[in-house]
Amino acid sequence: MSVETMLGDRQKLAYIAAQAADARLNVELETEGMTLNIGPQHPATHGTLRIICRLDGEQVIWAEPSAGYMHRGYEKLTEVRTFPQVTTLVNRIDWLGSFANEVPFILAAEKLMGVEAPPRAQHIRTILFELSRIANVSLFLGDLGVQMGAITPVFMAFRDREYVLNLIEGATGGRFHPNFDRIGGLFNDLPKGWIDETRATMKKLRNFCDEMDALLFGNEIFQTRTRGIGVIPSEIAVQYGLSGPNLRASGVDYDLRRDQRLPLAWDKVDFKVWTHPDGDSFARCWIRLQETRESTLIVDQLLDTIPAGPIMAKVPRIIKVPEGEAWVSTENPLGEMGYYVISKGDLGPFRVKIRSASFNNISIVPWLLRGVYVPDVITILASLYFILGDIDR
Amino acid sequence: MSSADTPVAALAGDALRERAVDQLRSALGDALIDSLVKPGDDVWVRVRTDAWRAAGLALRDTVGLDYFCFLSAIDWMPSPYGRGEDDPTQPPAERSTEIKQGYTGGETRFQVFARVCSTTLHFGVNIKADLGDDLMVQSWIPCYTGANWHEREAHEMFGINFAGHPDLRNMYLPTGFEGHPMRKDFPLLARMVKPWPGIVDVEPLPGEPDPMPGDTAETEPAEIDSAGESGGS
Amino acid sequence: MLAITIPYWGQSLLRVLGGIVAVLLPAGTIVYLFLFKMMSFMQSRLGPMEAGPYGSLQLVAEVGKWLQKEDIMPERADHRIFKMAPLIVLTSTFLLIAVVPFGPDAWFTNFDVGVFYMLAVSSVSVLGILIAGWASANKYSLLGGLRAAGQLIAYELPMVLAVIGVVIQAGTMNLQQIVFAQNAGEMFGWNGLGNPYILTQFVGFCVFMVAVQAELTQAPFDMPIAESELVSGYMTEYSGFRFLIFFIAEFATAGVFALVASVLFLGGWGVPFSWFGWKSIDGVANWMNVVGPIIMFSKMMLLVFLIMWVRFTYPRFREDQLQRFAWKVLIPVSLANIMVTAILKVVF
Amino acid sequence: MALKPKVPGLVKGLGVTLNTMLTTITKGANTVQYPHEKEAPPIRARGVIALREDNCTSCMLCVRSCPDWCIYIEAHKELAPPRRAGGAPRKVNRLERFDIDYALCMYCGICVEVCPFDALFWSPEYEYSEPKIADLLHDKTKLGEWMETVPEAPELEAGADNKGKK
């Protein structure tokens, strides 16, 4: 495809342009700048992130995010909780894709204990994982519209996300915070009729993706706003530890669903890992759109092949995790989410290091925002897509 | 625009992990103190404190682990407060404060640890280093730019100093906050402000002595379902 | 002509009342029909349903709410100017309605250079917005005010140039005469539709509507208020009654501009004369004075529908992209349009 | 990039909103006019915890496994008449207080899960917001009232191994 080579060039050009803007800002005559506080309460930060910008006119000379307005100290809190209690906490890290947060923690605990969930549980886990990805990213697609001034997409996103949340609630009981994973399997099996309902919903979601494609991604205004804006070259992305769609949008073909072997069902389905060579805001948004669609296809495939059997492995009722250290990370909606669990053979973990995706994704912001205009600050932040709970933990 | 079927990396994982340790050993010499390769799982290495940055550079350039995952610290001292479930009316419980390090050992209370991965080879390395009394270690920013915020976080949460970090400001905590919350001896106030509701036990009959643990057979949780019972029922 | 003679002060009073009705009635309808209902339907919801049947009294409820609210003014704001700004914006709307004809005799002023006047007063609102942004003593407001100034000035020009085509074709700057010219005219010898300039001046119409969209600061040109960037820009610090005035002005201006556009391009209050075989308007003037405003209103609604439809669908431009669009696309296009119109005018 | 003749994205976008509008007008909105009509939450929805007081043996298991410390139990021992005639009187735990503080509760469901005697249940009821935060502390009478709203556990999907639980 000739587009690809062209895009590659454009990426390079945009990178050079960013550096040139940087240089120019340093040489140009200093005018009296203005410091603009974006946040902590600002519609663009969906949460309480504060970004301090030095402006020259509408151009950002220097920007520094200031997090911590919502820090809940989860790493400390896990130390006073038992292993089953931790899942209720980690639900709330990325609150839009909460089920996906439980999985890596439970997997880490299972790895330390040497148990593995039965195939049916693994399968259902993967389905719910993908559903939470859809719930998360569909909201992103709507929110993207709002950040750019289009008000309709967000309502459509909420409309269709509702169906997914209903499914998650129908299976787990929790709409936002399922707390459905248990060490060794799942709390309960699926209720009757759930699979058919899910199939119907996946159709709706694909329709929603098409709508978003027409409403937003095909829109020329949207494209002028996002193409060539906020370019992250792949080397930089990798250095900063960007993950998920942000990394793949920079052309790095890295997806933990495919690239590591976990006791989950992704290796049983056939799916495409989308990458984009551009690394700009458009690429990041576009990747997410494609991944939502891909997720619906993954769910469809998984629904067809749910094995019969138990959903819980044999584990003692009172869980003591043997001494050891384990790292498990999964490809969460926002990117790589991992837990480094250290156990001392107690009821609770000794230390849990939570590696959340948004923390790394946002750490690139000071580098990325130099020389852009104020409206682009908003699009870039929107396209990086962070959840405050995921930054502050 | 992408490829769907790159071989799953774990197939070649262990060989890669062994190789990574060997490469690191030849790059660092005796600065690599200990290493542990768990087959099919992960690899841990511990390096001398003064070789922290050299190890980072070696990991990036020699081993080819380009992807920065995280950097943080561990306080190996067990918490003197337990899980905050003590009875405030009783004298404080005696807890062992014996420091016992995890994989690849260690000599000091604090350790800095990090993880870097490869986006192409699909494996990662956990790397640790002891911290002396000055809690000083070289900054990793020259090796991995993304370490910036992680080092700031470790600085405020554990009080670790990173030599060569341009800007060790507080990230989450207010400027001027005293103490380092993630240290084990920093009390978690949420668990101190009120007593644990689970301390209270069923009041005995008048004239009966307080029940010893395990006495009230019908209601004691541990006896009902601890050992070996399946959780699936 | 009406048989009763009304003294001049009485006429003035009636005109003022008429003006208020002509501004507020469409504004209210637009808010209910488009902002409350159409937007909701486009987002698969119902919108307000509780106040009145189908929420029809919602606007009254909202006005009541705003009137009760505390009138907050930032301490460091320039108080006098801060209070003045909403009024200036609203004044511009009232000035604009003065030249719009609603029927053969139903007009406030029959002005020979109506087009010229209309274009002149429409930019008064910029002044209000600019001083609102400045007087608020808020960085977001200031940015919004500056953006508004830059944007509105950039879009004044395409608007003027788009109208020139109409003026050339009609040969007059009197809005009343433009209506006559459209309804009595013919296209290439066929008079089945009259000669609404939307057909012959389609390019001009498009440029005009884009410029109107920008003048009204509606999406995709809503950078001055940009909720997600500037937290409503110049309106950030306004609350209660003063915000209400801004709010009314926003939708009233939308209505008035739609009226102007319908006069310029859709044949105003009239219908093509050939439909009923009229030779001149005099014979039917009396009842056209009643029917005219209704026709006018429906045409306005159609145009406001277009404006709002675009508003609810599109994301917004960036300020520099917008300027580039104005200077590099709209102005050359409208200049070319003028040239073609002039040549054709001479040829035919 | 070769330009292909296609519908401009701007027009397509207008089509989507118009289409949604027409769908809403003809087929009705996706929203529900809340106080007038209500959507039934799924059977498993975790709305509020109901207590069957007779089953509770005040074993303190729920209190101790609550991550938030939001359950409070007070109980005392009593002598109850023997099960069989002529037997010795039994010692039973009589529940005095069973409070759940919904202002603290995280709705994780651990207490319901650990309860060994089936005394706690989830009810999908959700309309119990209070103007005063202190009123969110539900005592055992109020928790008992929720028992009426507890639904039957749903049937399970094909292939499930065990019977459904609460």
Here are some conditions: (1) free of Cβ contacts under 8 Å to residues at least 40 places away in the same chain; (2) over 21 Å from the mean Cα position of the chain (by Cα); (3) surrounded by fewer than 20 Cβ atoms within 10 Å (Cβ to Cβ). B:GLY64 meets all but one. Which one does it not meet?
(1)
For C:GLN323, the lone unmet condition from (1) surrounded by fewer than 20 Cβ atoms within 10 Å (Cβ to Cβ); (2) more than 14 Å from every other protein chain (Cβ to nearest Cβ); (3) polar (S, T, N, Q) is (2)
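Hey, does the range B:188-199 have a residue that's under 19 Å from A:GLU75 (Cβ atoms), facing another protein chain (nearest Cβ under 8 Å), part of a loop (DSSP other than H, G, I, E, B) and not charged (D, E, K, R)?
Yes - at least one qualifying residue is present in the range B:188-199.
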If A:ILE342 passes every condition in (1) touching a Phe, Trp or Tyr at 6+ places or on another chain (Cβ under 6 Å); (2) without any contact (Cβ under 8 Å) to a residue 24 or more places away in the chain; (3) within 14 Å of chain D (Cβ to nearest Cβ) but one, which one does it miss?
(3)
Could we say that A:ARG393 is modelled with pLDDT of 85 or more and basic (Lys, Arg) here?
no
Selection from the range B:115-136 of residues more than 10 Å from every other protein chain (Cβ to nearest Cβ), of a type in the set (Gly, Ala, Ser) and either part of a strand (DSSP E or B) or within 24 Å of A:ARG261 (Cβ to Cβ) (or both) yields B:ALA129
Have a look at C:GLY103, C:GLY150, C:GLY133 and point out the one that is touching a Phe, Trp or Tyr at 6+ places or on another chain (Cβ under 7 Å) and in a helix (DSSP H, G or I).
C:GLY133
Pick from the range A:63-120 the residues that are of a type outside the set (Asp, Glu), in a loop (DSSP other than H, G, I, E, B) and within 22 Å of A:LYS268 (Cβ to Cβ): which of them is nearest to the other protein chains (Cβ to nearest Cβ)?
A:PRO118
Looking at the range A:303-319 only, could you name the residues that are over 13 Å from A:ALA121 (Cα atoms), more than 7 Å from every other protein chain (Cβ to nearest Cβ) and not hydrophobic (A, V, I, L, M, F, W, C)?
A:ASP304
Note on the range B:100-114: residues in a loop (DSSP other than H, G, I, E, B) and either among the small types (Gly, Ala, Ser) or within 12 Å of B:HIS165 (Cα to Cα) (or both) are B:GLY102, B:GLY105, B:GLY106
If B:HIS155 satisfies every condition in (1) facing chain A (nearest Cβ under 10 Å); (2) part of a helix (DSSP H, G or I) but one, which is the exception?
(1)
When A:ILE236 is evaluated against the numbered criteria (1) part of a helix (DSSP H, G or I); (2) more than 7 Å from every other protein chain (Cβ to nearest Cβ); (3) modelled with pLDDT of 85 or more, which criterion, by number, is the only one it fails?
(3)
Do the conditions hold for A:PHE282, that is, is it of a type outside the set (A, V, I, L, M), within 14 Å of chain D (Cβ to nearest Cβ), assigned to a helix (DSSP H, G or I) and buried (at least 22 other Cβ atoms within 10 Å of the Cβ)?
yes
Would you point out the residue of the range C:129-171, among those that are free of Cβ contacts under 8 Å to residues at least 60 places away in the same chain and not aliphatic (A, V, I, L, M), that is surrounded by the fewest Cβ atoms within 10 Å (Cβ to Cβ)?
C:GLY171
Taking the options A:LYS192, A:LYS204, name whichever one is without any contact (Cβ under 8 Å) to a residue 12 or more places away in the chain and out of contact with any His (no Cβ under 8 Å at 6 or more places or on another chain).
A:LYS192
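Just checking, which of A:ARG206, A:ARG227, A:ARG257, A:ARG248 is more than 14 Å from chain D (Cβ to nearest Cβ), more than 27 Å from B:CYS69 (Cα to Cα) and not acidic (Asp, Glu)? Reasoning before the result, please.
Details: A:ARG227 fails: more than 14 Å from chain D (Cβ to nearest Cβ); A:ARG257 fails: more than 27 Å from B:CYS69 (Cα to Cα); A:ARG248 fails: more than 27 Å from B:CYS69 (Cα to Cα).
So the residue among A:ARG206, A:ARG227, A:ARG257, A:ARG248 that is more than 14 Å from chain D (Cβ to nearest Cβ), more than 27 Å from B:CYS69 (Cα to Cα) and not acidic (Asp, Glu) is A:ARG206.
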Collect the residues in the range B:62-102 that are in contact with a helix residue (DSSP H, G or I) (Cβ under 7 Å, 6 or more places away or on another chain) and aliphatic (A, V, I, L, M), keeping them in residue-number order.
B:VAL63, B:LEU65, B:LEU71, B:ALA73
Residues being more than 10 Å from the chain's Cα centre (by Cα) and within 13 Å of another protein chain (Cβ to nearest Cβ): count how many of those fall in the range D:111-137.
9
Would you mind listing the helices (runs of 4 or more DSSP H) fully within the range C:1-83 where at least 2 residues are exposed (fewer than 15 other Cβ atoms within 10 Å of the Cβ)?
C:8-30, C:58-68
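Among the residues of the range A:324-332, are any assigned to a loop (DSSP other than H, G, I, E, B), within 12 Å of another protein chain (Cβ to nearest Cβ) and surrounded by fewer than 24 Cβ atoms within 10 Å (Cβ to Cβ)? If you could, list the steps in order and put the result at the bottom.
Let us first name the residues in the range A:324-332 that are assigned to a loop (DSSP other than H, G, I, E, B), namely none.
No, the range A:324-332 has no match at all.
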Quick one: is A:ASP255 surrounded by 24 or more Cβ atoms within 10 Å (Cβ to Cβ), over 18 Å from the mean Cα position of the chain (by Cα) and among the acidic types (Asp, Glu)?
no
Do we have any residue at all in the range A:347-361 that's at the interface with another protein chain (Cβ under 8 Å from one of its Cβ atoms) and in a helix (DSSP H, G or I)?
yes
Would you check if there is a residue in the range D:39-61 being more than 20 Å from A:ARG175 (Cα to Cα), surrounded by 14 or more Cβ atoms within 10 Å (Cβ to Cβ), of a type in the set (Gly, Ala, Ser) and away from chain A (no Cβ under 11 Å)?
yes
When the range A:288-323 is examined, which residues are found to be farther than 25 Å from A:LEU107 by Cβ and hydrophobic (A, V, I, L, M, F, W, C)?
A:LEU289
Checking the structure you have, find out if any residue of the range C:183-202 is assigned to a helix (DSSP H, G or I) and at pLDDT 80 or above.
yes
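The values are calculated or read from the model by the stated rules, or taken from the named source; none is laboratory data. Just so you know, these numbers come straight off a predicted model, no measurement behind them. Note that we place each Cβ from the backbone using ideal geometry, even for glycine, and neighbour counts take in every protein chain shown.
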